[in-house]
Every structure is written in C-alpha cells, then in structure tokens.
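Visitor: Dropping the structure in here first, questions after.
The values are calculated or read from the model by the stated rules, or taken from the named source; none is laboratory data. This structure is a prediction, so every number in the text was calculated from the model and none was measured. Ideal geometry is used to build each Cβ from the backbone, glycine not excepted, and the neighbour counts take in all protein chains shown. SASA here: full protein model, heavy atoms, side chains in, ligands and nucleic acids out. Shrake-Rupley method; radii C 1.70, N 1.55, O 1.52, S 1.80 Å.
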Amino acid sequence: MTVFRKRGAALKTILSATVAFILIGCVSKNSKSGSQGEPGFEPPDQAIVREDFTEISERSRFLSKEVPYLFHYAPTHYAAWQNRAAVGDANAQYLLARCRQSGIGGDLNFAEAARLMESAAQTLPLAQVAYANMLDTGMPDVPRDQAEALEYYTKAWKSGETLGGQYLAVMYIEGKGVTRDETYGMALLKEAVSRGQISAMVELAYYAGMKDPNLESKWLHAAADAGSTEAMIEIAQRLARAHDDTSLAAMVKLAQRAADLGDVRGMLVLVSAYFHGSGVQKNLDEARKWAFAAADTGDVSAINFLGECYFNGEIVVSDWSKAAQLYQEAARRGCTDAYCNIASMYLSGHGYPTDYGAAMHWARKAADAGNAKGMNQIACMYHYGDGVPQDEAEAIRWFRMAADRGEPNALNSMARRYLQGAGVPRDPDRAFTLFTASAAKGNPEALSNLGNLYLYGVGTKRDLAKAAECYRKCQTVADPDSLYRLAMAYYSGEGVNKDLTEAFQWFGIAAQRGNVNAIYALGSCYMNGTGVEVSGENALIWFQRAIDDGMTAGYDAIATMYLTGKGVSKNDGEALRWTTKGADAGDQKCLNNLGDRCRLGKGVPTDNARALKLYRQAADGGLPTAMSNVGFMYLNGLSVPKDPKTAFDWYMKAAGKGEPTGMVQAGIMYIQGIGVSIDNAAGMELLKRAAKANNAQAQQILTQNHISWQ
C-alpha cells in the first residue's frame, strides 16, 4: 500500500504556517453568524463579514480555496474584520485568525490566531474544527493538547460540522487524545462521507488501503470524482510514476481539473508538465502562466516556487533580486523552505552579499521550525567551515538529524560517510540503505552512488542490470568512471549478458560525461564496427577527441587505421606520420612502433641506435613489449655490445608484466643457461605461462617435448 501523504495531524494542518493551503468542509447550515451588534442595529460592515465568511465556507470545500480568498480580500476587508472581531463577531474572529495564522494582512502571530480562533469556537462549529486542529498539531506559541482538541472536534461534529467528524475519526483510529478505537473511527469516517464530507473519502482511502489496496483505489477515485483535489493530485502523482505517454496525459487532465478548482498543487504539476513536455506538448508560455497563477493565489509554497524559478532562470528570465523579494514574502508568512532559500542566497552571494552569519541565522530559523533542509545547510556549513570553525563531528550530528527526517541530500551525505567510514564506523550495508532512501526521493547523486554499489557489489549483491537502471535515471550526474565500467561489463559479458550494442550506448553516455577512456572506446567501436556500423570518419573524430583530452593512445589508434586500412584507405606514410606524432607526445606504443620501424628500416632509414633509444623510452614508461625489445637488442648486440645478462633482466621485467615474448625468451635462457644459471623448472614454468597466454612459440616448444601446459 502506498502511503500518499505524511500523517501528522489528520489530513494536513489547517492552513499551517509551512503549508499554506486548507481542506475544510462546508459550514453547517445551522452555524451562527455570531453577530454581537445592538438589537435592531447592524453595523455597515457586518454584511461584508457575513458575506465573506459564507464565501469562505462554501469555497473551502476544495483544497487551497481559503488562502486565495483571504489573500485577495484581506487588503480591502481586513479593517472590517478587525472591527467586527473586536466586538465579538465569531465569523470575523475566524477570518482574522486565519490571516494571523497565515501572515496575510500582517505578520504571523500564532498566539493571536489561537486566541481569536478559541473565541470564535465558542459559537462557530467551523472555528471549533480549526481551533482543535491547532491544538491537535501544535504551533509556535500554541502547545499541543490532543485531549482538548478531541473535545472541540466532538463539539463541532455534534453541531453538524462534518469536517469535525472526519478529524474526530482520525483521533480514534490513531489513538490521539483518546483510547484507540479503529472500528469506531472508521464508522465515523463513513458517516462523514454519507453527510457529504468529500475529504473524508481520502481518509478512508488511506486507512482502508492499509489492509486492502483495492479499497484504497476505490475510495481515492470516488473522492476525485466527487471533487477532492487532494485525491486528484495523488492519482496524478501515481500516473506520473508510470512514465508512459497515456498515463502522463491522464496525469495532466487530473492536474488541470484540480487547478481549475483552485488547487495550487494542480497548478504546479501543470508547470512541470508544460516545462518538460510530459503528457502534453512542451509550452513554456503555459508553464509560466500556471506558475504565476499559483503564486497569485497567495499560497506561500507557490510564491517560494516562483522565487526559485527567478533564481534559477527557469520559465522566467533569471532575476536574483526578484527571487529575493519573493523568498522574503514567503518567509514573512512562515514558509520554512523560503528560509532555506534565503540562507542559500547568503551562502552563494547570489542576490545578497555573501554573509555566513546571515546564512546561519536563516538556516537555524528553518531548522528550529523542523525543516530538514535547514538542518542539512547547517551540516554543510560545519563541514566546509563556512562562517563557523570546521567541525566534522558537528556536521555529522546535523546531517544525521536531517537524514532522520528524510532530507535527500543529508541521506546521501550520511551514506557516503558510512561507505567510507568517515566519522562513523564503516558500514556498507547501512550506506546501501541510505543511498536507496535518498535515491527514492529523486536525489541524482544518490542514484549514481547506488548504481556504483550495484556495479561493484558493495553493501548489496552485484547486479549490473540494476546499476544500469540507476545510471539511466541520473546520466547527467552519474560518475563517468562507473558508466565506463558498466560499458566494459556489457562489452566483455562480465556479470551481464554480453551486449555490444548496449556497450556502445554506455560508452557514449560515459563519453558525454567526459570519461576519456570511453571517448577512446567510441573510436575503437567505430573503427571495428563494435555495436555500431564501421565509420572511419567517426572513429577519427573520437580518437582525435581522446588526443585532445590527453590520451596519447589516440595517435597509435589512428596510425593503426592507416596501417591496416580499417575505415580508411591504407596509407603507410600517414601511418608513419601519426606514429611519429604519438612518439613525440610520449605515447609508449608509438615509441615502440617507431623503434620497430627504425630497427627494420620500414619507412625510415635503418637506425639501431635510435631504435634502442625509442625502446628504452617506452620500456621506462612501463610498456612490456618494449622491455622485450630492449632485451632483444642486448641479446643480439644491436648498437650495443652483446650482454646476455642484461638481456635476461629485461626479458624477466617483461615476463613479470605478463608479456608472452618475455616469458618465452627468459624461459629459453633459463633452460640453456644464457645470461643466467640453468634452471629447467623455472624455464618450463615461464614457457607454460606463455603457452597459456596463447603464445605459439611456447606451445610449439612444449608440444615437441610432450609437455602439457593446460
């Protein structure tokens, strides 16, 4: 069963400071206006208050309808609400409490909001629900008291306010402020639904779905059909995870329905859909329209989101000043994500002058409000020593707090530490668990790290198919070396079925991420037709790119193409030119091959002294073939006096690196006692090693002497 939202209070905190939207039911027809005017006299603004409250009550059947109303009417009606609230009008007190709670029309004041709502709750059932919700969840300056919350939910329910019944049901189901009674709670939910409380269907979907996923789907779709935008958005999110065109198109339709009903989340889904072209044709104008529409509702999350758009230059032209203005507005109204964004601006010096003290102030303000992003920012500041003494132990403490609250970056940071044993005991299994949790929240770096664990079999069973799945989702941040390693696995069939086409594709992805080995490999693929049609033109392009990125092996590859005619016309002169360029660049193979040409007089005058010099350069650089060639020169006295001992030493160096010719020559010298004391056993062992490496000379010698090497 998919838990489709976090469970703190029943549903979401009504108009909480951090999530400024509301799910509220129709006010009971029997609700009193709470007018306290003198008999026979109705102050001029009383009609406005009644109209405003009735409008709120009717509109707020749907998610996020109340905030837009308050946001747009407060500038012109706020004074009237204050006047009526001062003389005890419950409707006005309710409206004013909502403004205080959301920072609309003035600064946030939770204590004042609670005082006004408690007063309104003495006569107004909808206010009883709202006040109970404040007590149920607790707010700054408003202590949590679930027992008292239960009393107010009960009063509202008995007064006919169906939303009170919904919240009361959740209290019984979860045992909050009362002995747990799931049967009674579920019965209350069904009763609330029967009385027309649409949002109670979403609760039924959640709780019934814990036991039967089919019931979850049934109630969720019923709620959406009845007009619950929360249900619409949840279904839309599930459709988005399917990734197919049909599901994405259905997602957009549901989001459009929710947006038309005033749901900010629906609007933001449309922003993303039009921006990415998911389920609908890409249209930046439409994306921009919905981003502004969402912010125009007054929803602090949408205002903060628009600030992020300005900051990143997405949908709108980058404007850090405008971003700062929007962040400040959202922060003023209690959006803790906006606190984090302001902290980031002070940290980066974008929009504000770099000020680590101010950054820490805003990050701590977010963290104190329970925002995990703020905790992660504090952790990073201690890790890097930004404005505070560098303190890895303190950084880990904050990373752990943020990770415990599910912050994706903090989960990834703690996973890396467990993987490396940095500041915590090394625990690859724990690292795997944390990388998985972070990746599930869409963190691309965690996806890459998770792919690495699957690729190397660390903290989990090696699974290259799962590694590939992770890398596909995070190609732009995946570790290029790991992408290359995955390509090589498909190329060789190591851990997966050999698939040259798949190998070629992953070489391409790794090359785009800058892995020079992958760049060179693409050249080889085009040269040899590995996973792709032969293309000398493309091979030359990729080999040249490898050279440009510092891989001198590209010179030898191009020389080989002209020498063998692979993808290009044979041209020994061109092959010599590229070999010479490679030798000048210090490429070991080119040095060795140019040495061969000098020794044999191929394309250049015979020059053993130059050949030996070139062989030595390549051998000193670690090329085993060149080591054998140096041995050959000393054994045969080419440009130097014959020196069997020195020749033997060079052949043994080559043999030690697995070079078959070195093994054969050193083996023969052991058996014949040339440059070394006779040692048949050592000689035969070297010949067997060479034979196993498919050296024909070694196999012939052993076969003639009836010796097996298998």
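Visitor: Could you give every pair whose Cβ atoms fall below 8 Å, whose first residue belongs to region 637-661 and is among the polar types (S, T, N, Q) and at pLDDT 95 or above, and whose second residue is surrounded by 17 or more Cβ atoms within 10 Å (Cβ to Cβ) and not in a helix (DSSP H, G or I), counting only separations of at least 6 or pairs across chains?
Guide: So the pair list comes out as Thr646/Gly675; Thr661/Asn695.
Visitor: Just checking, which of Arg610, Arg616 is under 18 Å from Thr661 (Cα atoms) and of a type in the set (Lys, Arg)?
Guide: Numbers: Arg610 fails: under 18 Å from Thr661 (Cα atoms).
Just one listed residue meets the conditions, Arg616.
Visitor: What about Gly459, is it outside any helix (DSSP H, G or I) and more than 28 Å from Ile547 (Cα to Cα)?
Guide: Numbers: outside any helix (DSSP H, G or I): yes; more than 28 Å from Ile547 (Cα to Cα): yes.
Spelling it out, Gly459 is indeed outside any helix (DSSP H, G or I) and more than 28 Å from Ile547 (Cα to Cα).
Visitor: Look through His243, His221 and report the one residue that is open to solvent by 40 Å² or more (accessible area, probe 1.4 Å) and within 22 Å of Glu286 (Cα to Cα).
Guide: Working: His221 fails: within 22 Å of Glu286 (Cα to Cα).
His243 is the lone residue from the list that is open to solvent by 40 Å² or more (accessible area, probe 1.4 Å) and within 22 Å of Glu286 (Cα to Cα).
Visitor: Take region 637-652 and flag every residue that is more than 60 Å from the chain's Cα centre (by Cα) and open to solvent by 40 Å² or more (accessible area, probe 1.4 Å). Outline the logic, then answer.
Guide: Keep residues of region 637-652 that are more than 60 Å from the chain's Cα centre (by Cα), which gives 637-645.
Leu638, Ser639, Pro641, Lys642, Asp643, Pro644, Lys645, listed by residue number.
Visitor: Run Glu230 past the list (1) surrounded by fewer than 23 Cβ atoms within 10 Å (Cβ to Cβ); (2) acidic (Asp, Glu); (3) in contact (Cβ under 8 Å) with a residue 12 or more places away in the chain and report the number of the one that doesn't hold.
Guide: (1)
Visitor: May I pose another question? Between Thr297, Thr229, which is modelled with pLDDT under 95, more than 28 Å from Ala208 (Cα to Cα) and out of contact with any Cys (no Cβ under 8 Å at 6 or more places or on another chain)? Steps first, answer last, please.
Guide: Details: Thr229 fails: more than 28 Å from Ala208 (Cα to Cα).
Sole residue among the options that is modelled with pLDDT under 95, more than 28 Å from Ala208 (Cα to Cα) and out of contact with any Cys (no Cβ under 8 Å at 6 or more places or on another chain): Thr297.
Visitor: A further question follows. Conditions: (1) assigned to a helix (DSSP H, G or I); (2) buried (at least 16 other Cβ atoms within 10 Å of the Cβ); (3) of a type in the set (A, V, I, L, M, F, W, C). Ala478 meets all but one. Number of the miss?
Guide: If we test Ala478 against (1) assigned to a helix (DSSP H, G or I); (2) buried (at least 16 other Cβ atoms within 10 Å of the Cβ); (3) of a type in the set (A, V, I, L, M, F, W, C), just (1) comes out false.
Visitor: Taking Tyr339 and the conditions (1) farther than 23 Å from Lys289 by Cα; (2) of a type in the set (Ser, Thr, Tyr); (3) open to solvent by 40 Å² or more (accessible area, probe 1.4 Å), which numbered condition does it fall short on, given that it satisfies the others?
Guide: Every listed condition holds for Tyr339 apart from (3).
Visitor: Report, ordered by the first and then the second residue, all pairs with beta carbons closer than 9 Å, sequence separation of six or more or different chains, a first member in region 301-327 that is under 17 Å from Phe71 (Cβ atoms) and free of Cβ contacts under 8 Å to residues at least 60 places away in the same chain, and a second member that is among the acidic types (Asp, Glu) and part of a helix (DSSP H, G or I).
Guide: Ala302/Asp296; Ile303/Glu329; Asn304/Glu329; Asn304/Asp337; Phe305/Asp337; Gly307/Glu329; Leu326/Glu308
Visitor: For region 240-263, name all the residues that are assigned to a helix (DSSP H, G or I) and touching a residue at least 24 places away in the same chain (Cβ under 8 Å).
Guide: Going through region 240-263, the residues assigned to a helix (DSSP H, G or I) turn out to be 240-242, 245-260.
Those that are assigned to a helix (DSSP H, G or I) and touching a residue at least 24 places away in the same chain (Cβ under 8 Å): Ala240, Asp245, Ser247, Leu248, Ala249, Ala250, Met251, Val252, Leu254, Arg257, Ala258, Ala259.
Visitor: Output the residue which, of all residues in region 264-315 that are in a helix (DSSP H, G or I) and basic (Lys, Arg), is most open to solvent (accessible area, probe 1.4 Å).
Guide: So the residue we want is Lys289.
Visitor: Output the number of residues of region 487-499 satisfying the condition of being crowded, with 18+ Cβ neighbours inside 10 Å, at pLDDT 90 or above and among the aliphatic types (A, V, I, L, M).
Guide: Result for region 487-499: 1.
Visitor: Same structure again: Taking helices (runs of 4 or more DSSP H) that fall entirely within region 369-427, which contain at least 1 residues that are polar (S, T, N, Q), closer than 21 Å to Gly459 by Cα and at pLDDT 95 or above? Give the derivation first.
Guide: Numbers: elements: 372-384, 392-404, 408-420.
Filter on region 369-427 gives 408-420.
Visitor: Could you tell me how many of the residues in region 661-689 are on the phi < 0 side of the Ramachandran plot and either in contact with a Ser or Thr (Cβ under 8 Å, 6 or more places away or on another chain) or β-branched (Val, Ile, Thr) (or both)? Steps first, please.
Guide: Of region 661-689, the ones on the phi < 0 side of the Ramachandran plot are 661-672, 674, 676-689.
With the extra rule that they be either in contact with a Ser or Thr (Cβ under 8 Å, 6 or more places away or on another chain) or β-branched (Val, Ile, Thr) (or both), the set shrinks to 661-662, 664-665, 668, 671, 674, 676, 678.
Of the residues in that region, 9 qualify.
Visitor: Collect the residues in region 351-377 that are within 16 Å of Arg333 (Cα to Cα) and among the basic types (Lys, Arg), keeping them in residue-number order.
Guide: Lys365 - this is the single residue of region 351-377 that is within 16 Å of Arg333 (Cα to Cα) and among the basic types (Lys, Arg).
Visitor: Looking at region 405-416 only, could you name the residues that are touching a residue at least 24 places away in the same chain (Cβ under 8 Å), open to solvent by less than 50 Å² (accessible area, probe 1.4 Å) and touching a helix residue (DSSP H, G or I) at 6+ places or on another chain (Cβ under 6 Å)? Explain how you work it out, then say what you get.
Guide: Step one: list which residues in region 405-416 are touching a residue at least 24 places away in the same chain (Cβ under 8 Å), which gives 405-413, 415-416.
Checking which are open to solvent by less than 50 Å² (accessible area, probe 1.4 Å) leaves us with 406-408, 410-413, 415.
Result: Glu407, Pro408, Ala410, Leu411, Asn412, Ser413, Ala415.
Visitor: Could you tell me which of the residues Leu419, Leu434, Leu483 is farther than 30 Å from Asp556 by Cα, open to solvent by less than 30 Å² (accessible area, probe 1.4 Å) and of a type in the set (A, V, I, L, M, F, W, C)?
Guide: Numbers: Leu419 fails: open to solvent by less than 30 Å² (accessible area, probe 1.4 Å); Leu483 fails: farther than 30 Å from Asp556 by Cα.
None of the others qualify; the one that does is Leu434.
Visitor: Being of a type in the set (Phe, Trp, Tyr) and touching a Leu at 6+ places or on another chain (Cβ under 6 Å) is the filter here; which residues of region 124-162 pass it? Break it down stepwise before answering.
Guide: Of the residues in region 124-162, the ones of a type in the set (Phe, Trp, Tyr) are 131, 152-153, 157.
Tyr153, Trp157 - these are the residues of region 124-162 that are of a type in the set (Phe, Trp, Tyr) and touching a Leu at 6+ places or on another chain (Cβ under 6 Å).
Visitor: Moving on to the next point. Inside region 517-567, can you point out the residues that are buried (at least 24 other Cβ atoms within 10 Å of the Cβ) and of a type in the set (Phe, Trp, Tyr)?
Guide: Tyr526, Trp542, Phe543, Tyr555
Visitor: Here's a follow-up. Name the pairs: first residue in region 104-122 and touching a residue at least 60 places away in the same chain (Cβ under 8 Å), second residue among the basic types (Lys, Arg) and assigned to a loop (DSSP other than H, G, I, E, B), Cβ to Cβ under 9 Å, at least 6 apart or on different chains?
Guide: Pairs that qualify, where the first residue is touching a residue at least 60 places away in the same chain (Cβ under 8 Å) and the partner is among the basic types (Lys, Arg) and assigned to a loop (DSSP other than H, G, I, E, B), are Ile104/Arg333; Asp107/Arg333; Leu108/Arg333.
Visitor: Would a scan of region 502-516 turn up a residue that is over 24 Å from Arg472 (Cα atoms) and either at pLDDT 95 or above or open to solvent by 30 Å² or more (accessible area, probe 1.4 Å) (or both)?
Guide: Initial filter on region 502-516 (over 24 Å from Arg472 (Cα atoms)): none.
Checked against the condition, which is being over 24 Å from Arg472 (Cα atoms) and either at pLDDT 95 or above or open to solvent by 30 Å² or more (accessible area, probe 1.4 Å) (or both), region 502-516 yields no hits at all.
Visitor: Name the one entry in Ala372, Ala402, Ala366, Ala395 that is free of Cβ contacts under 8 Å to residues at least 40 places away in the same chain and either more than 26 Å from Met139 (Cβ to Cβ) or surrounded by fewer than 16 Cβ atoms within 10 Å (Cβ to Cβ) (or both).
Guide: Values: Ala372 fails: either more than 26 Å from Met139 (Cβ to Cβ) or surrounded by fewer than 16 Cβ atoms within 10 Å (Cβ to Cβ) (or both); Ala402 fails: either more than 26 Å from Met139 (Cβ to Cβ) or surrounded by fewer than 16 Cβ atoms within 10 Å (Cβ to Cβ) (or both); Ala366 fails: either more than 26 Å from Met139 (Cβ to Cβ) or surrounded by fewer than 16 Cβ atoms within 10 Å (Cβ to Cβ) (or both).
Among Ala372, Ala402, Ala366, Ala395, only Ala395 is free of Cβ contacts under 8 Å to residues at least 40 places away in the same chain and either more than 26 Å from Met139 (Cβ to Cβ) or surrounded by fewer than 16 Cβ atoms within 10 Å (Cβ to Cβ) (or both).
Visitor: I'm told Ser708 meets every condition in (1) closer than 26 Å to Thr606 by Cβ; (2) surrounded by fewer than 19 Cβ atoms within 10 Å (Cβ to Cβ) except one. Can you identify the failing condition by its number?
Guide: Condition (1) is where Ser708 drops out.
Conditions tested, residue by residue: (1) farther than 21 Å from Ala440 by Cβ; (2) touching a residue at least 40 places away in the same chain (Cβ under 8 Å); (3) part of a helix (DSSP H, G or I).
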| position | (1), (2), (3) |
| --- | --- |
| Lys466 | no, no, yes |
| Ala487 | yes, no, yes |
| Gly495 | yes, no, no |
| Lys498 | yes, no, no |
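Visitor: Show the residue pairs meeting these rules: Cβ distance below 6 Å; 6+ apart or different chains; first residue within region 469-481 and within 13 Å of Trp506 (Cα to Cα); second residue surrounded by fewer than 16 Cβ atoms within 10 Å (Cβ to Cβ).
Guide: Short answer, once both residue conditions are applied: Pro480/Gly514.
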